[in-house]
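> So that we are looking at the same thing, I have put the structure below in structure tokens.
The values are calculated or read from the model by the stated rules, or taken from the named source; none is laboratory data. Since the structure is predicted, the reported quantities are computational estimates derived from the model, not experimental observations. Cβ coordinates were reconstructed from backbone atoms using ideal geometry, including for glycine residues, and neighbour counts include every protein chain displayed. Note: areas computed on protein heavy atoms with side chains; ligands, DNA, RNA excluded. Shrake-Rupley method; radii C 1.70, N 1.55, O 1.52, S 1.80 Å.
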Amino acid sequence: MADLSALIICLPLLLYLLMDGTDLGLGMLFFWFHDDRQRELMTHSILPV
């Protein structure tokens with residue numbers, strides 16, 4: 001029963017991370033780039049995705 005509960009909790013989280021990986025990765029990159037122009041350029045690069 002504990003394994004089933006863990007699967008029910010972890011599977012949606014894993015799917016979210018896999019399908020939204022581009023946006024999450026870009027959000028992590030924002031930490032390193034503080035210039036608004038650079039952030040805007042990165043955001044526009046993933047808009048079609």
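> Can you pull the one-decimal nm distance between simple spin-label points at Asp3 and Ile46, each 7 Å off the Cα toward Cβ?
In this crude spin-label approximation the distance works out to 3.5 nm.
> At 1.4 Å probe size, with the rest of the protein present, what percent of the exposed accessible area of the chain is carbon and sulfur atoms?
72
> Grab the other residues whose beta carbon is less than 15 angstrom from that of Met42, score K and R as +1, D and E as -1, and report the net. Please report the intermediate quantities before stating the final value.
Numbers: positive: Arg37, Arg39; negative: Asp23, Asp35, Asp36, Glu40.
That sum, taken over residues with Cβ under 15 Å, equals -2.
> For the chain, just say rounded, prolate or oblate: build the C-alpha gyration tensor, square-root its eigenvalues into a ≥ b ≥ c, call rounded for a/c under 1.5, and beyond that prolate if a/b exceeds b/c, oblate if not.
Prolate is the answer for the chain, as a/c is 1.5 or above and a/b outweighs b/c.
> Hey, what's the chain come to in accessible area per residue, 1.4 Å probe, Å²?
Counting only protein heavy atoms, the per-residue value for the chain is 90 Å².
> Please list Ile8, Ile46 from largest to smallest accessible area, probe radius 1.4 Å, with all protein chains kept in place. Please list the in-between numbers first.
Values: Ile8 110, Ile46 30 Å².
Order by accessible area, largest first: Ile8, Ile46.
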